[in-house]
Amino acid sequence: MLLLLLLFPVCWAVEVKRPRGVSLTNHHFYDESKPFTCLDGLATIPFDQVNDDYCDCKDGSDEPGTAACPNGSFHCTNTGYKSLYISSRWVNDGVCDCCDGTDEYNSGTICENICKEKGRKERETLQQIAEVTREGFRLKKILIEEWKKAREEKQQKLAELQAGKKSLEDQVEMLRVVKEEAEKPEKEAKDQHQKLWEEQQAASKAQREQELAATAFQELDDDMDGAISLAELQTHSELDTDGDGMLSEEEAQTLLGGDMQMDAATFHDRVWAAIRDKYQSEVLPTDPLASSVPDLMEPREEQPPLPSLPTEEEEEEDLEEEEEEEGDSQVQGEQSKESPPPLVPPQPASPNEDKMPPYDEQTQAFIDAAQEARNKFEEAERSLRDMEESIRNLEQEISFDFGTNGEFAYLYSQCYELTTNEYIYRLCPFKLVSQKPKFGGSPTNLGTWGSWAGPEHDKFSIMKYEQGTGCWQGPNRSTTVRLLCGKETVVTSTMEPSRCEYLMELMTPAACPEPPPEPPANGDHDEL
């Protein structure tokens, strides 16, 4: 009995008496030796009205252990696990909300106390997280050291490029002068060659026009008197000007400039240009194929029979006919000397006449020399552009915000993918996010790098990518990337919580915080 009396104060010191549903931190508000004041301070009631299943306080603080106040809170002690507040409405509702079952003390529901088992699983999970955090933080320190070394190397390379840029700029300028000097004689020689060729072209064209006009004049000069009359011009109805299909005398006189007739020179100078496109030559075939291909439908001429031997009477008749033919041929020969030569169509322009002839040896030498100077200049200019781009890239990378100690720098030149049932998501940190159909199709830009967007105390926990491809009748796509601590770098999930706004999670050692010191090996406790 004495032993029990000695142990009783010890138990009293450990077990703090308080109303059901009140947490240990709030027990001093519930002193049964004096009236209870509602936690909002609006009312004071006798203490025996606490947990009497009637709501007296507006804030529900007088009924922490019953369901009388819908806005009240019940505290689950959950020894061995995490304490928890639940709504008073859940007290004695037949559902075990507290892992220790204390919320169902009067519902008839038997709740098994599973807090120790949950606590054990929770501790295992926390231990795994702690292990990942420790390993991830170890890798993070390596990443930081690697960036420090890489940054120094990039700064050294940048200095070398900037020093070499001036020398290359001078070389480019020198080669530009050489190129321009080589191009001057090239241009003069090519211009001279072009000019001569154009003059030849103009002369050939004028000669062809002269020939066409002469041929047309001969065709129109029916009486071959060396002049074209109105009547002769009227024989070509295609020159009709009023569209009635006939060339009247007035129309013909207008074409001849008011004259009644016109010689060849005046015809070429004043008339030919006006009728050239309408005039249909009597010599030039309208259809070249028709003149060259025989008509297959015409019957062949019958072969004449072989002649029989002539008699003496027939021989005398033949001699008389030959004498007559000789006489006729002499008359025709005299007439042919007086008649003009037969009409011969002018030769068309050769296809090669429209093609400029090759350059002469001196001009080609100027061209080759200028081209060699251009090649050297362009090569040096291209090298300068490449160097300037390298300088810009290095300056951008060195000045980029890669985290407090540059721990995220290794992500700069990498891309990571996540494949779902429909799409392949691709994240290129500090550049862009894209989405591509899994079974073919072009990618869609889900946003380009914007900024770090984490809260003030954890700025580098969230990336923001903005101004992606616009949605149909909606905003431009954007992506928020949450960074999680992990031993590997991998995209773990992606979703579209709202239209055109995507959420992605990237696991990386760079996001691992410094872990707390490990507890002593003999410091195990049942409670979290």
message: Can you pull out every residue in the stretch 151-191 that is closer than 21 Å to L384 by Cβ and among the hydrophobic types (A, V, I, L, M, F, W, C)?
response: L158, A159, L161, A163, L168, V172, M174, L175, V177, V178, A182
query: Does the stretch 349-364 contain any residue that is of a type in the set (F, W, Y), closer than 30 Å to E145 by Cβ and at pLDDT 60 or above?
result: no
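I'm checking my understanding of the structure. Among residues of the stretch 13-72 that are at positive phi and in contact (Cβ under 8 Å) with a residue 12 or more places away in the chain, which one is most open to solvent (accessible area, probe 1.4 Å)? Don't jump to the end; show me each part of the working.
Let us first name the residues in the stretch 13-72 that are at positive phi, namely 21, 41, 51, 53, 60.
Retained after the next criterion (residues that are in contact (Cβ under 8 Å) with a residue 12 or more places away in the chain): 21, 51, 53, 60.
On the way: G21: 11, N51: 44, D53: 105, G60: 3 Å².
Looking at the filtered set, the residue picked out is D53.
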task: State all residues of the stretch 180-203 that are within 30 Å of D263 (Cβ to Cβ) and either free of Cβ contacts under 8 Å to residues at least 12 places away in the same chain or open to solvent by less than 40 Å² (accessible area, probe 1.4 Å) (or both); if no residue qualifies, say none.
output: E199, Q200, A202, A203
query: Does the stretch 426-436 contain any residue that is in contact with a strand residue (DSSP E or B) (Cβ under 8 Å, 6 or more places away or on another chain), assigned to a loop (DSSP other than H, G, I, E, B) and either among the β-branched types (V, I, T) or not assigned by the TED database to the domain that holds N476 (or both)?
result: no
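Would you say K459 is touching a helix residue (DSSP H, G or I) at 6+ places or on another chain (Cβ under 6 Å), within 30 Å of R134 (Cβ to Cβ), open to solvent by 50 Å² or more (accessible area, probe 1.4 Å) and modelled with pLDDT under 95?
Values: touching a helix residue (DSSP H, G or I) at 6+ places or on another chain (Cβ under 6 Å): no; within 30 Å of R134 (Cβ to Cβ): yes; open to solvent by 50 Å² or more (accessible area, probe 1.4 Å): yes; modelled with pLDDT under 95: yes.
Spelling it out, it is not the case that K459 is touching a helix residue (DSSP H, G or I) at 6+ places or on another chain (Cβ under 6 Å), within 30 Å of R134 (Cβ to Cβ), open to solvent by 50 Å² or more (accessible area, probe 1.4 Å) and modelled with pLDDT under 95.
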Helices (runs of 4 or more DSSP H) (entirely within the stretch 228-303) containing at least 1 residues that are exposed (fewer than 12 other Cβ atoms within 10 Å of the Cβ) and either modelled with pLDDT of 80 or more or in the same structural domain as L212 (by the TED database) (or both): 249-255, 272-275
task: Can you run down the residue pairs with Cβ atoms below 8 Å, 6 or more apart or on separate chains, where the first is in the stretch 142-168 and touching a residue at least 40 places away in the same chain (Cβ under 8 Å) and the partner is charged (D, E, K, R) and open to solvent by 70 Å² or more (accessible area, probe 1.4 Å)?
output: L158/E395
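Please tell me if C415 is exposed (fewer than 15 other Cβ atoms within 10 Å of the Cβ) and within 22 Å of N476 (Cβ to Cβ).
Values: exposed (fewer than 15 other Cβ atoms within 10 Å of the Cβ): yes; within 22 Å of N476 (Cβ to Cβ): yes.
Answer is yes for this residue.
The values are calculated or read from the model by the stated rules, or taken from the named source; none is laboratory data. This one's a predicted model, so the numbers in the text were calculated from it and none came from an experiment. Quick reminder, even Gly has a Cβ in these numbers, built from the backbone with ideal geometry, and neighbours come from all protein chains shown. These accessible areas exclude ligands, DNA and RNA; they are computed on the full protein's heavy atoms, side chains included. Shrake-Rupley method; radii C 1.70, N 1.55, O 1.52, S 1.80 Å.
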